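Only the coordinates and a few stated rules stand behind these numbers; no lab work does. Only a predicted model underlies this, so the values are computations on that prediction, with no experimental measurement involved. Please note: Cβ atoms are built from the backbone with ideal geometry, for glycine as well, and neighbour counts cover all protein chains shown.
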Amino acid sequence: MAWAQEMRSTHARLREALQLTRDSLDHPGATVAAVGDLLLYCRGFCAALDGHHRAEDRTLFPAIAAARPDLRPVLRALEQDHSMIAYLLTGLTAAVDRSAAPDELHQHLDGIGAIMESHFRYEERQLLTVLESLNLPAAREEALGPL
């Protein structure tokens with residue numbers, strides 16, 4: 001499997017999911033459908049991003065560490081990012097659950113988006129070359145999450 005391309009593709013889909021979630025906030029008027037869309041997109045985005053990071057921590061990163069022990073400090077930094085993003089996702093979910101105002105929800109999404117983008121770019125700079133030749137006998141979902 002071409003793991004570098006799979007990672008790029010997964011990151012692109014997560015960026016699209018974040019944009020759909022943002023777009024769901026921008027419906028004119030607080031209709032029941034718009035609120036339902038927001039709940040659907042937010043929960044889907046949060047689950048997808050968290051699932052992606054959990055899969056990396058559980059399957060992909062240990063395989064990279066075994067193949068390239070010199071990258072362990074990079075992997076630790078990426079895992080720390082995963083923890084920070086999980087914390088931010090919890091805050092977003094809590095805000096959605098209590099029907100926070102759109103401005104507050106946008107602030108949550110903007111913060112998550114900024115950290116997520118920085119994380120993805122760093123991860124790609126550090127790992128794509130390694131992923132080009134990584135021999136990992138795992139399903140895509142097992143290594144990169146259910147997207």
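All told, Phe45 meets the bar of being under 19 Å from Arg22 (Cα atoms), part of a helix (DSSP H, G or I) and either touching a strand residue (DSSP E or B) at 6+ places or on another chain (Cβ under 6 Å) or of a type in the set (Phe, Trp, Tyr) (or both).
The criterion of being more than 20 Å from Glu142 (Cα to Cα), in contact with a Leu (Cβ under 8 Å, 6 or more places away or on another chain) and not hydroxyl-bearing (Ser, Thr, Tyr) does not hold for Cys46. Within the range 100-120, being over 12 Å from the mean Cα position of the chain (by Cα) and free of Cβ contacts under 8 Å to residues at least 24 places away in the same chain holds for Ala100, Ala101, Asp103, Glu104, Gln107, His108, Asp110, Gly111. Pairs are defined by a Cβ separation below 8 Å, a sequence spacing of at least 6 or placement on different chains, a first member in the range 46-74 that is among the polar types (S, T, N, Q), and a second member that is part of a helix (DSSP H, G or I); the pairs so defined are Thr59/Glu142; Thr59/Ala143.
So if I check each of Leu109, Leu136, which one is in contact with a helix residue (DSSP H, G or I) (Cβ under 9 Å, 6 or more places away or on another chain), over 19 Å from Gln19 (Cα atoms) and among the aliphatic types (A, V, I, L, M)? Reasoning before the result, please.
Details: Leu109 fails: over 19 Å from Gln19 (Cα atoms).
Answer to the check: Leu136.
Determine, yes or no, whether Leu105 is within 19 Å of His11 (Cβ to Cβ) and in a helix (DSSP H, G or I).
Working: within 19 Å of His11 (Cβ to Cβ): no; in a helix (DSSP H, G or I): yes.
Here the answer is no, as Leu105 does not meet what is asked.
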